[in-house]
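Reviewing the structure listed below.
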Amino acid sequence: MPVDICSQQHNLISPISGTTDTSSLSLNGLSLTSALPPIDPEHSHPSHTHNMNKLCRQVSIESPGPGVKNCVFNFFVPIEDTPAHGARIKIVCAGACYRRRDRSNSITSVSSVSSELSDYCPSVTSISSPAHQGIREGSFFPGFEVAGVIESLGSEITEANNCGLRIGQRVIVYPFDETPAGYAELMVVPDLKHIVPIPDGLPMEEAAMLPTGALLAMNAVFKAQAVVTEILNQRAATDANKKCKILIVGTGGLALWAVRIASYHFASTGAHNVDITVASLRDEGFRLATEIKNVSVVQWNECLYEPQLIERTKDVCGGAVDVVIDFGTTSRSLHRSMHCLSKGGVVLISEEVAEKLLPKFSRLSNEYQQEIIPISNGSAEQLAELVQLVANKKIEPPPYSVFPCEQAAEVIQKLCNSEIPGRAILRFHEIE
């Protein structure tokens, strides 16, 4: 729980686990500003002044660097006062996610550290770690997927402009550009437009999975629907009975959300001439994907040669596909996806990895007459729609497990060993 900063005399940073010596990092030796997580210089502004009168606990999960085997640390960080036009949120649950602060502001959810860390967290030398400066190779900045309750509203908030929000209300936070990094007990939100209320019947654990991974998956499905509609309209006169084929690559949290959202969305919009296939990247994902109705599954066993995998995929899909939603995020995965795609087809990839992959595949996409489209995280309005769909049981969330935040180090170790099916959620407070 937050405490008055004047009464907190302990070290500002204390590791939950790890070998880093933090004994020299005390409140006397650090300014309040230097104790905060790294600030994105693109969003800093000289007029931004913060009144810090409390400390709150923050769990930082970072990728190992030389000499650091364990990478879960416990901070006490200053938390600013509630903004005049915003709110401060008491975090109850937080899902595993991270941001590549060296690249764009896009945000991606992860369900398996071991399967996706190498692709999303390249070596980063320009940004230093708040926990072990100068020795890190990359970083996890988790904590963007959060659900909690409104602790306080700003001084300028009235009944006329409170957007229907109230103190104590259960909410999630849309990941805005300046979302602070790290699992913390409190989060300051500068504008109420970033806050989405959640119904009483929606568990906090499920709500915490929605703001990044599920929202990105939903936006990808919406874009896929636009492409499918165009394809079906073109075929209406010549081959109206031919189905449109969609391939979803990956069986982490993103892909599992995408296939659930796509199954519901295409059925609810009357697009019954759409076939969905999932290309599983892991044995665990293969099992989870096979449990979804009306979805075909093909396993991408990396022990096989590329031509065998491409042929196997086309056999399961009934030929080349029209749309690929690729959450595999590697050059190899995208290359394989494009070989499974028909001439004139479209590949959808996250905006986050597009910067890395698009230059490599521009020539190939032109040669195959295919299009690669980056997908952004989605809007706050889409998030509000997604909340209602999950709350009303229209879309079933992927499997998840909940752990006390004190077990963060153990949870990360289990994720690295693929011992937790689906998503891992850390709980800060018991309010339900």
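Values in this text are rule-based calculations from the coordinates and carry no lab data. Keep in mind that this is a model prediction, so the values were computed, not measured. Cβ coordinates were reconstructed from backbone atoms using ideal geometry, including for glycine residues, and neighbour counts include every protein chain displayed.
Points worth noting:
- Projecting label points 7 angstrom from Cα along Cα→Cβ for Lys393 and Lys293 puts them 1.3 nm apart.
- Computed magnitude of the charge dipole of the stretch 149-299 (debye, nearest 20; Cβ of K, R +1, Cβ of D, E -1): 860 debye
- Cβ-defined net charge surrounding Ala380, 12 Å radius [Lys, Arg +1; Asp, Glu -1]: -2
- Electrostatic bookkeeping for Ala226 treats Lys and Arg as +1 and Asp and Glu as -1; over the other residues with beta carbon under 14 Å from its beta carbon, the sum is -2.
- Mean Cα-pair separation over length for the stretch 265-399, i.e. relative contact order, pairs under 8 Å, 6 or more apart, %: 15 percent
- Full extension of the chain between Gln169 and Asp191 yields a length gain of 6.3 nm, computed as 0.36 nm times the residue separation minus the alpha carbon distance.
- Cβ-derived FRET efficiency at R0 22 Å, Leu358 paired with Glu230, nearest 0.05: 0.55
- Relative contact order (%) - the stretch 298-348, alpha-carbon pairs under 8 angstrom, separation at least six: 37 percent
- Partners for Lys360 among lysines (Cα-Cα distance below 16 Å; same-chain residues under 8 apart left out): none
- Using a simple spin-label model with pseudo-atoms 7 Å out from Cα toward Cβ, Ser152 and Asn417 lie 4.3 nm apart.
- Label-to-label distance for Lys343 and Glu410 is 5.9 nm, based on points extended 7 Å past Cα in the beta-carbon direction.
- Sites His272 and Glu371, calculated FRET efficiency, Cβ-Cβ separation with R0 22 Å, nearest 0.05: 0.30
- Cross-link reach list, lysines versus Lys394, counting only Cα pairs under 18 Å and skipping chain neighbours closer than eight places: Lys293
- Relative packing of 159-172, 317-330, 352-365, which averages over residues the other C-beta atoms within 10 Å, highest first: 317-330, 352-365, 159-172
- When the listed pairs Lys90/Lys193; Lys314/Lys414; Lys223/Lys314 are checked against a 28 Å cut-off, the alpha-carbon distance exceeds it for Lys314/Lys414.
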